[in-house]
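Asks: Would you mind keeping the following structure in view while I ask a few things?
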Amino acid sequence: MAQTQGTDWGQFQGEASHQGSLASGPEPPYRLAWRFRAPRGTVSGPVVHGDQVVTVGTHAVIGVDLGTGRQAWSLDRSGGPIAMPAIATVKGKPAVLFTDGSTKPGAALVAVALSDRTELWRAALKASSRSGIAVEGGTAYLADDDGNVYAIALSDGSVSWTGTTLGEVQAPPAVADGRVFVTGRDTQNQHSELVAFDAATGRRLWVYAPSVAGSTSSGPSVADGAVITGFADRSIHAFSAQDGIERWSHLALSLFSPATAPAAGPDGAYLIDVAGGLYRLDPATGRRLWDYQLNDLVVRSAPVVSGNAVLVGLNDGQLAAVDRSSADLVWESRPSPGLIGPIAVTGDTIVASKGGHAPGLVAFAHDDQGTLLSVPSPTRLKPVELFGTYAIAAAIVLAIFLLPGRLAATRIGPPSWEAWEDVEDGHDEGAP
């Protein structure tokens, strides 16, 4: 079973984790293992099953060999938004689930067997979808661009229930505690909301809609009974999964991309804002444990934990690794044209989507000969350096104020003590 971005700590056992997740993967430093150039343009973030990497393009679903980065197979797709696929067991077979179609009559969720690429079923959707897919138990959950939310049975592709949110959904639902959580956004009227549905029936349980206008809310994740997401007020919010009561909120420095979601688990909730601010918060209290300001745009890549490192893809083409304990930047790849998008982590390989003029996938592996960095966040205060900086500043200020005084004293001579005494007594010249 595989789950997708927005699910809880225990996800992806037996499969590769990807964006918005925590996993056991290779530690930095890394080396470039391979690069795959997609034959027909941009592709989605990858999912991994065994030795296969699966990614979705506009006109094809592509399988890539995990060891070599060579294309293994391809099957046609009729178009539509590019969205994250998922891996699930369908009719006893490992299958890839992906969305298809750019028009309302042709939009669908499709299940295809990984072994021979035979179509197992096709479930009609009311509109095209870009949300990506969450899998829990025997059900797949997703949403479309009109705000329709679906629960689809893996056994035969039948629709178990549908619900609604106020508009487009760009991140997969989070599924936990018998509930399905979705963030929808109305881009025309600049509103967003977080909705909780009953996973079995689709009944709406609660809704949170921020008072601040804006549609830049992130996708949700669940940790320790709390649903965590970022909203247009630049705050990270945590709500009780049971009743939607807000537990805490924490102000970030920038907005959040609707295509990303937190990576949430018992030891911390990791979120990235669009300005490259990476935050580790206590999921129980919202207390900031640390932050790292990467100072680059992040619009497609959610944090992923690999071992003791938090990985994030930047818009300048770098993959960055921040140590979970020290909060230092410990490794980064070289900048290259095209952003790094969603990331998948396996036991010994990291695979991410790559944009730019040669889009596709890029893979990294642990490098025994590599060198680790130890670069603190530019916003972190260092007491020794801070004391030195203040000492230098104080010296400059003193020089500015004292030097003119000394020059003036040299020119006009020492003050007259008699005159000073007269001033203190109110008897200076001109006094009444």
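Asks: Given H placed 1.01 Å from N in the peptide plane, which residues other than close sequence neighbours of Gln52 have an amide H under 5 Å from its amide H?
Replies: Leu66
Asks: I'd like to check one number: the per residue accessible area of segment 75-155, probe 1.4 Å, reported in Å² as a whole number.
Replies: Result: 32 Å² of accessible area for each residue.
Asks: Per residue, how much accessible area does segment 288-386 have with a 1.4 Å probe, in Å²?
Replies: The answer is 40 Å² per residue.
Asks: Sticking with this structure for a sec: Work out from phi, with θ = phi - 60° and the Karplus expression 6.51 cos²θ - 1.76 cosθ + 1.60, the ³J(HN,Hα) of each residue of segment 338-355, listed in order in whole Hz, and give x for Gly and Pro.
Replies: x, 5, 8, x, x, 10, 10, 10, 10, x, 9, 9, 10, 10, 9, 6, 10, x
Asks: Could you give the distance between the Cα centres of segment 142-184 and segment 35-106, to the whole Å?
Replies: Their Cα centres are 20 Å away from one another.
Asks: Which order do His357, His49, His237 take by accessible area at a 1.4 Å probe, largest first?
Replies: From most accessible down to least: His357, His49, His237.
Asks: Any idea which of Val182, Leu114, Ala151 is furthest toward the positive side of the dipole for segment 103-199, if Lys and Arg beta-carbons carry +1 and Asp and Glu beta-carbons -1?
Replies: The residue sitting most towards the positive pole is Leu114.
Asks: Determine the per residue accessible area of segment 195-242 with all protein chains present and a 1.4 angstrom probe, expressed in square angstrom.
Replies: 32
Asks: Order the following by accessible area, largest value first: Tyr150, Tyr208. Probe radius 1.4 Å; ligands, DNA and RNA are ignored.
Replies: Greatest to least solvent exposure: Tyr208, Tyr150.
Asks: Determine by what factor the alpha-carbon radius of gyration of segment 219-378 differs from 2.2 N^0.38 Å, reporting the quotient.
Replies: For segment 219-378, the normalised Cα radius of gyration comes out at 1.01.
Asks: Quick one: what are the phi-derived ³J(HN,Hα) couplings along segment 260-268, Karplus 6.51/-1.76/1.60 with θ = phi - 60°, whole Hz, x for glycine and proline?
Replies: With the stated coefficients, segment 260-268 comes to 10, 8, x, 9, 10, x, x, 8, x Hz.
Asks: Which shape class applies to segment 52-200: rounded if a/c is under 1.5, otherwise prolate when a/b exceeds b/c and oblate if not, where a ≥ b ≥ c are the square roots of the Cα gyration tensor eigenvalues?
Replies: Prolate is the answer for segment 52-200, as a/c is 1.5 or above and a/b outweighs b/c.
Asks: Which percent of the accessible heavy-atom area of segment 74-209 goes to carbon and sulfur, probe 1.4 angstrom?
Replies: Within segment 74-209, the accessible surface is 44 percent carbon and sulfur.
The values are calculated or read from the model by the stated rules, or taken from the named source; none is laboratory data. As the structure is a computational prediction, the values presented were derived from the model and not from experiment. Reconstructed Cβ throughout: ideal geometry from the backbone, glycine too, with neighbour counts over all protein chains shown. The accessibility values were calculated without ligands, DNA or RNA, using every heavy atom of the protein model including side chains. Shrake-Rupley method; radii C 1.70, N 1.55, O 1.52, S 1.80 Å.
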